[in-house]
Structure formats: structure tokens, C-alpha cells
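Following: one structure in C-alpha cells, then a few remarks.
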Number of protein chains: 2
Amino acid sequence: MDAYKELERRFARLNKLNEALGVLRWDHAAMMPDGGAEGRSEQMATLELIAHEQLTDSALGDLFEGVDASALDEWQSANLEEMRRKWVHATAVPGELVEAESRATSRCEMIWRQARPDNDFERLAPALEEVVEVVREAAAAKAEVLGCSAYDALLDQFDPGMRAEKIDPIFDELAAFLPDFIDEVLEHQAKAADPIAPEGPFPEAIQKGLSHEFMEQLGFDFRHGRLDTSAHAFCGGTPDDVRLTTTYYEHDFTRALMATMHETGHALYNMGLPKEWRYQPVGHARGTSIHESQSLLVEMQVCRSRDFMEWAAPRIAEAFGASGEAWTPDNLYRHGTRVERSLIRIDADEVTYPAHVILRYRLERQMIAGELAVRDLPEAWNAAMQEMVGIEPPDDRDGCMQDIHWMIGGFGYFPTYTLGAMIAAQLFAAAKEQDPEIVPSIRRGEFGPLLSWLRTNIHEKGSSRSTEGLIEEATGSELDASIFEAHLRTRYLG
Amino acid sequence: MDAYKELERRFARLNKLNEALGVLRWDHAAMMPDGGAEGRSEQMATLELIAHEQLTDSALGDLFEGVDASALDEWQSANLEEMRRKWVHATAVPGELVEAESRATSRCEMIWRQARPDNDFERLAPALEEVVEVVREAAAAKAEVLGCSAYDALLDQFDPGMRAEKIDPIFDELAAFLPDFIDEVLEHQAKAADPIAPEGPFPEAIQKGLSHEFMEQLGFDFRHGRLDTSAHAFCGGTPDDVRLTTTYYEHDFTRALMATMHETGHALYNMGLPKEWRYQPVGHARGTSIHESQSLLVEMQVCRSRDFMEWAAPRIAEAFGASGEAWTPDNLYRHGTRVERSLIRIDADEVTYPAHVILRYRLERQMIAGELAVRDLPEAWNAAMQEMVGIEPPDDRDGCMQDIHWMIGGFGYFPTYTLGAMIAAQLFAAAKEQDPEIVPSIRRGEFGPLLSWLRTNIHEKGSSRSTEGLIEEATGSELDASIFEAHLRTRYLG
């Protein structure tokens, strides 16, 4: 038996199991009545357990050792590496520690759901301390096998191969740039009249129709996907059946429309992954940084641009049967790119968002390194907000308790949001340069040239390259914060 | 380790896996875009394979042998028996034969999907012959372990414990009764004026609202279930998250409404199963005969009754904003209980339906016994239709090729439709006698008393009793065709 082929067979099975889980998760968020929750968590836990058993099967170690690496082509080698990475992440941590982590994060999330509205950090702290403790231990175990630092091992779960030493100089540059830049943007913005907020209500059915139309226009193939409603927008399902959800607000159509465009970026990536590697790790999306680059490229680089609004504004106005000053491309563009200092990351605009992220990245690194105690988090958070965003949270509810990530042990995820934003800027700059048709076609609502560039340079490469490799092959240079900064300058000071 | 407890643990896991499959199947029928079909079949095949592996794990044999039966209570003993039955059905047939059956039925179904519209029995025959051959072999293998006939082993898959020797006398009695009775009913019906067919179109949204309202009224709990649309009505999902689907026809609201009431009967059964045995075989529905009795009790005994129509007719008329002669309780009742000789089982009315079933039962028994060759099926079918229903099919398309059951190897299923109809009549007669409030409350659209009786006498007993045991405990007597006949006489000659 060929060890590599046997590994492929096993990972194909594992992937099909994970695809089934993807459908169950989508259903949970978009379709399931509340009364199904208990049963659903049993079903999902069972599939997750089976998947875990398959990935930690003792035969895998021998199979990895038995592979004749010289007989593998480039994609197979990359596939083997990704298989091994998944296996290391699954096996490096002792079973009891996995269980302890699961218990600690479930408990912390539960406490957080009550303590946050109560603004009660004291109550949360012991549970979060426990989470930090078990995450540090698990990270250390993985770090030993991966040969990296504990924090890098956490990063590696989300953006395989990414390391803090690569992020640090880029984030440091951005951190030095942002505070003054935010001041400048706000000053510049104050010079012009405020954009007019379009007046609602905006009926959900019309918003949904508009989302559908824009998705299709961008290249979302509804023979291979759906658009539904859930409490939080997300992109789930499988590559040949992408399940996108969004949430509609009757008083503000921009939120759902832009959230849908964002998720469409994720969806197009999933839909464009290499079909011949569908069930193998190398056929998957590269990681959360590249994934976020695809959603932000579509949302921030394209759909919030003045070029896109020239095509989109008349269509939006027509859909709502509206007209007047509020509905001009210029007004809608300015309305969609408004900057303000705010407390909450998920509501932040393109300019202040990276500031929110960088402070979280720095704080979580300190926590994992044992340099920041959970009880000192509120103070450190508030100081960082003052420094990076320029405002101080009035309470912990809208301060260090606002995000779920740490509560569920998701350390190492935050930086990928801003890496994604920077990669998006760099990819879009390269794409525009390589194909001068991209911008004029966007002005006509045609996304074929852009999608074609993304397919070739990102989507079809799956996980056959590292995050860095993808960026360099597509753009000819390493990730470079100055490209993102130039984009911000052009858009917000132009 | 307690062998029984370990068996419970393993079957709980298996059941959760099967529940996940239930969600995937519902999604496939109700939500999935066409482009997801290939991936979905891979996901489902993977889960089915894992479930099969778990059920045929070599450790199970030892565990069954190791159980101390004297230490088990009544429910545990029944559970053990059901576990063993599932295990026997999974292990009695050699792997190659299982594969051969899967290949033969897939092939036959594919050929049938084209040969039926072409009315080409010649083309179908070889594929169907192969199916009959492998089904006979598989049935023989199961029969040996179960200690019953080959046909009984097939029956046992759908209605555990049911045997042909129990069905024969009941079906013989009904077969002797039906042909003359159908003549009588048609004569009787001809004496009165034809009911008026309500005139459409009936907008889908209104039909859906009405279905929803009636489901809720009958006791369907929408915190634990949904109503959606699919090509064929069915009841799927899990006991705490029942997924019901139906199909709407704009020209005829009765079809969807009655199909929904039928599926609601199935749904109420699933929702009422014993919660403490949720993940064990003994906590499942008893089998297809009892399941069909629940759907037919709700549809035929209740919702097509004059009593129900007194409450329902004004509500239906109001929903469609209609009035006049077509919308009286009497007219809608007569419209919904119209009898006619027809070719197609699934379109048949309550009176002729059992005739369609009995002829299939007799023919499939002959095929499994090797007494009827597939090539002789059309002739035998047409003769039986003439004898039982009183008309002769003009072709095989609407004759012996009309149903999918045999094409996919589903021998042994047909009789459970009519067993269900008879059980429904017997249960409803007993319920009405035991609780005189049931009928008056139905006239007021209140189903609490009936549902409460069904919960106590059927639903909450799960599979802790045999089909016969359930009937006898609930009604005080064995299954008795004369009760069903009396129901038909009262309704159709009254």
C-alpha cells in the first residue's frame, strides 16, 4: 500500500465529515428552531469526536513516516505538509489538556455572556485566567512539535506558517502611522459637509433582492450556493454549496449590503478553490489572513470604492424607489467611508479598525507570554485604546470584554483581520496594475476581469503555497504596510 | 465494564450520527442548490459508511454475549432486543452481497427513471430481475439469523416483528370485502350531486399560512420543528427538531393541506417519543405500520372527517377570502372523501388505496418466493388491478412501473401502508370510546384530548412493545380488519 495514497484516502474521509459539519453549523445558525439546540450540539459533538479520532488514529504516524517524499509532485508535497500540520495540531496536545481547554472555554463563554452585559469584569476574570492558563499550556505543547514559540503555535492554527516575527515590524509601522493619520482624516473629513444618511425604512425583501443581485453580479453562482438570514453574517457550507448569511436592519441598508459583499468575498474564494483537490488539505483556503483578504478586497477595496458606487448607487436608489441628494454616488460613497473614533471593533471603519486589532494583538501576546495578568487587562486595554484609537472606554463591557475570541480560547486570530486588510490592499493594487481593465469594468458593474485575476493568483492555488508565497507570487513583493497606508491616504485624504 | 452500558454508549453515538444524516437529508430535499448534489452524496455516503462500521464492529458480538439479561429492567430488555435486531440486519448479509445490492438498486433506479416515462418494461426487466435476485439472497441470509421466512426478514426491516402469517388473514378478509364495497360506494356516491370543486388559484403563501395554522392547532410545536417546501412531502429531522415539508399546487389547496396534515401525524409521533430514551433504539418509533397509523389517523380519521370540517371549513374559506356553496363544511367534506377507481396508488382515495396495496403485497411475496418472474409481472399486475380495483391499466407506465419501491429494493414496505390504515381506524375507535370528549373537541378545533390519548397509548411507548403489543394495549384487541371496514361503511355509505 502506498502510504501517501492511504493518507489521501483518510484525509478525504475526514474532509467529507467536516463538510457535513459545515452543513450542520449553517443549519444551526440559519434554519434550526431553538428547541433543536441540545440535540444539535450532541450531533455536532459526535461528528467532531469521530473526526478527532480519525485524525489522531495511531496509524497516521507510521503512514507519515512511510511516505516516499521523492515520489511526490509539488502539490502532493504541499498536501503532505498540510496533512502533517493538521495532525500535529490534533496530536500535540494531551487528551486531558484538550478536555480541560474545552471545559474552561465553555465555562468562560457562559460566564462572559452574563458578565458582559453586567459590566462585571471581576466575575469574568477567574474564568478567563483559567482559559489563558490552558491555552498557554496547549500552545507550549504544540510549539515544541512545530519548533516555534507558543504564540506562533496559536497563530499557526489560523494562518498556517505565519509567525509573530513577520507581523511585528509590519504592525509596528502601522501602529506608528495610525494615530496621527486618524487625526488627519478626521480633520479632513470635518472640512466637507457631512454626507446625508438615506432615510428608511428599507424593507427586508428589497434589501435581500439587492444583495442577491449584487452577489450574482460579483460572480456568486447560485447553482452552488444560497443567501439566507442569521443573527450574524457568515459564509459557511462547502465549496460547491456555499451558504452565505446576513442580517438586515430596516433603518440602514448599508450594513447588510456591505456585510453581504464582505461574505461574498469569502464565498468567491471558497467557490474558486481547486476542484481536483476538493477533499484534500492542499485544496483548502490558505488561512484566515488570506481569507480575510478576499472578503476585504471585495468589501473595502471594491464595494466601498467611488468606482463601484458609480455603478451601484443608481441601482440601490432604484431598488428602494428613492431619489435625491442622499442617493448620488458621491454621497453614498462618502456615507460608506465615514471615519470615527469608536469603542467597538466590529462597528469600526476601515481606518480605525487596524488600531483596534493591533492593540488586541499586543495584549494577547503579552498574556500568552505571561507578561500581562488577566486582572491587569482592563487598565492595559484602556491605555491602549487611548493611545491607538484616541478614546477611553467608559466601562469594560465596551472595553476589554467586547469580543468573544479570548473567552473561547481564540488567541492568535485577531492579527489576521488586519493582515487580511493589508493583503487585500496589496493584491488589489497589483491586480489593477497588471490588468488596467479592472477599474473601468468595476465602474460598469463588471467583475469578470477582477475575479479572473483572483482565481488565477489566489483561489486556484488553494494551500499549495504559504501565505507569504501567495502574496509574493501575486504581487512581486513581500507584504508591505506602506501599500495599505497609501490606499488609506488616497481614499481618506484624497 | 458493563456490557449493556457499553452497548448503550455505542448505540447513542450511532443514533447521533443518524440524526446528523437526517438533517443532511432534509437539507438535500428542502434547501440544497442543485450544484451541491455531488458533494452531498459524498458527505452522506461517508456518514453512512461510518455508521455501518460502528454497527458491524466486531466488538458488538462479544458485548451482546456479555450482557447480564437478568439485571435489565423492562425497557432495557426491549432496548437490547432492538439493538440486536439492528445488528442482525447490519451483519447478517455478507459485505459483497450488500455491495451487489447497492449496485443493482442504483442501476435499476436509474434505468427506471427513463424507462418509466418511455413505458418500456422490456428495458427495465433485466435490471429489476437483478434487484429481485440480490434482495432474495440478502433476505435469505437475514432469515437464517432471524429464524423466519425470507419475506418476513424483509418485512422485519420496516415493521420489526411483523410476519406475513399475521398479515395474510387480515388482508384476505379485506380483499374479499373491497371489490364489492367499492361498487357499493360508487353507486351510493352517484345518487347525490357531485361536490363542487373550490375554484383557484390558491396562492402558495396563503396555503402555507393555513398549513402552519392547522399544524399548530393539531399540536405541532414550532419551537421544535419547521415547515418547508420540497418536491415531495415528507417528515424528517430529529425528535426535537422535526422538519416537515410539503408541495403546494396553485389549482388545488386540498392536496398540500391534507399532505401536511398527514405528515403532521408523523411529526407528532416523533415529537412525542420518550425523551429519556432519545438516543436508544427503544426510544425510536416502532416501525412503518405504526408510523403510518399516526399519519393516517390525523389525515384520514380526523382531518378528512365531517367533524373536523365543521371547524376547518370556515377557516379555510376565510384564509382564501372565499364564500359560497363550494366552501360549506358539507361540500368540503364530500370533496375530500371522493372515491374513484384510479390507476395510481399515491393518488388513490381511502377506499381504493388498500386494494392497490394488497395486490402489491401479493405480487412481491410471489416474486420473493420465486413464484412470479419479473417478465410475467405486467400481466399479473393488470389482472390483479382488474380484480381488486376494477380497472385495467392501459400501459405499464401507470401500471407495474409506477412505484419506486421495488426498483430500490424496498420489498416488504407496501403492506405497512394498509396495516397503518387499519391500525389508525382501530386506535381512533378505541380513543373515541375511552374519551368521549375527543370528537366534540375536534368539532371545536381542539386536539388536546386526542393528542393526549396518542401520547399515552402510542408515542411515549417508543419501541418498548411490538406493533401488536401496542395495538392490543391501546385497544384491548388484536388488529381487526372489521373495525377498518366499519369505518369505511360509516363514512362512505352513511
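When you check residue A:183 against the structure, is it in the same structural domain as residue A:380 (by TED's automatic domain parsing) and either modelled with pLDDT under 95 or within 30 Å of residue A:253 (Cα to Cα) (or both), yes or no?
Yes.
Tell me whether segment A:323-331 contains one or more residues that are open to solvent by 10 Å² or more (accessible area, probe 1.4 Å), over 22 Å from the mean Cα position of the chain (by Cα), modelled with pLDDT of 95 or more and within 23 Å of residue A:427 (Cα to Cα).
No, segment A:323-331 has no match at all.
Return yes when residue B:148 is surrounded by 16 or more Cβ atoms within 10 Å (Cβ to Cβ) and outside any helix (DSSP H, G or I) and no when it is not.
So residue B:148 fits the description; yes.
Within segment B:266-273, can one find any residue that is closer than 23 Å to residue B:32 by Cα, in a helix (DSSP H, G or I) and modelled with pLDDT of 95 or more?
Yes, some residue in segment B:266-273 is closer than 23 Å to residue B:32 by Cα, in a helix (DSSP H, G or I) and modelled with pLDDT of 95 or more.
Going through B:45, B:29, B:51 one at a time, which residue ends up being more than 20 Å from residue A:222 (Cα to Cα) and either open to solvent by 40 Å² or more (accessible area, probe 1.4 Å) or hydroxyl-bearing (Ser, Thr, Tyr) (or both)?
B:45
Mind telling me which of the residues A:47, A:63 ends up being more than 10 Å from every other protein chain (Cβ to nearest Cβ), aliphatic (A, V, I, L, M), part of a helix (DSSP H, G or I) and touching a Leu at 6+ places or on another chain (Cβ under 7 Å)?
Exactly one of A:47, A:63 is more than 10 Å from every other protein chain (Cβ to nearest Cβ), aliphatic (A, V, I, L, M), part of a helix (DSSP H, G or I) and touching a Leu at 6+ places or on another chain (Cβ under 7 Å), namely A:63.
Restricting segment A:81-111 to residues that are in contact with a Lys or Arg (Cβ under 9 Å, 6 or more places away or on another chain) and of a type in the set (A, V, I, L, M, F, W, C), which is farthest from residue A:283 (Cα to Cα)?
That would be A:111.
If residue B:490 satisfies all but one of (1) under 26 Å from residue B:165 (Cβ atoms); (2) open to solvent by 10 Å² or more (accessible area, probe 1.4 Å); (3) without any contact (Cβ under 8 Å) to a residue 60 or more places away in the chain; (4) more than 22 Å from the chain's Cα centre (by Cα), what's the number of the condition it fails?
Just one mismatch for residue B:490, condition (1).
Only one of A:408, A:391 is open to solvent by 10 Å² or more (accessible area, probe 1.4 Å) and under 21 Å from residue A:179 (Cα atoms); which?
Answer to the check: A:391.
Go through the residues of segment A:352-373 one by one and say whether even a single one is over 26 Å from residue A:143 (Cβ atoms), open to solvent by 50 Å² or more (accessible area, probe 1.4 Å) and charged (D, E, K, R).
Among the residues of segment A:352-373, not one is over 26 Å from residue A:143 (Cβ atoms), open to solvent by 50 Å² or more (accessible area, probe 1.4 Å) and charged (D, E, K, R), which makes the answer no.
Given the conditions (1) open to solvent by 30 Å² or more (accessible area, probe 1.4 Å); (2) of a type in the set (Ser, Thr, Tyr); (3) in contact (Cβ under 8 Å) with a residue 24 or more places away in the chain, report the number of the one that residue A:305 does not fulfil.
(1)
Name the residue, out of B:193, B:205, that is exposed (fewer than 13 other Cβ atoms within 10 Å of the Cβ), away from chain A (no Cβ under 14 Å), free of Cβ contacts under 8 Å to residues at least 60 places away in the same chain and hydrophobic (A, V, I, L, M, F, W, C).
Exactly one of B:193, B:205 is exposed (fewer than 13 other Cβ atoms within 10 Å of the Cβ), away from chain A (no Cβ under 14 Å), free of Cβ contacts under 8 Å to residues at least 60 places away in the same chain and hydrophobic (A, V, I, L, M, F, W, C), namely B:193.
Could you tell me which numbered condition residue B:247 fails, if it satisfies all but one of (1) out of contact with any Pro (no Cβ under 9 Å at 6 or more places or on another chain); (2) buried (at least 19 other Cβ atoms within 10 Å of the Cβ)?
Among (1) out of contact with any Pro (no Cβ under 9 Å at 6 or more places or on another chain); (2) buried (at least 19 other Cβ atoms within 10 Å of the Cβ), the lone unmet condition for residue B:247 is (2).
Suppose we filter A:81, A:48, A:133, A:109 for residues that are under 26 Å from the mean Cα position of the chain (by Cα), of a type in the set (Asp, Glu) and under 18 Å from residue A:156 (Cβ atoms); which single one remains?
Exactly one of A:81, A:48, A:133, A:109 is under 26 Å from the mean Cα position of the chain (by Cα), of a type in the set (Asp, Glu) and under 18 Å from residue A:156 (Cβ atoms), namely A:81.
With open to solvent by 10 Å² or more (accessible area, probe 1.4 Å) and modelled with pLDDT under 95 as the only criterion, which of B:173, B:213, B:199 stands out?
On inspection, the qualifying residue turns out to be B:199.
In segment A:391-400, is there at least one residue being touching a Leu at 6+ places or on another chain (Cβ under 7 Å), in the same structural domain as residue A:282 (by TED's automatic domain parsing) and not in a loop (DSSP other than H, G, I, E, B)?
no
The values are calculated or read from the model by the stated rules, or taken from the named source; none is laboratory data. Keep in mind it's a predicted model, so treat the numbers as computed, not measured. Cβ: placed from backbone, ideal geometry, glycine included. Neighbour counts: every protein chain shown. Quick note on the areas: whole protein, heavy atoms, side chains included, nothing else; ligands and nucleic acids left out. Shrake-Rupley method; radii C 1.70, N 1.55, O 1.52, S 1.80 Å.
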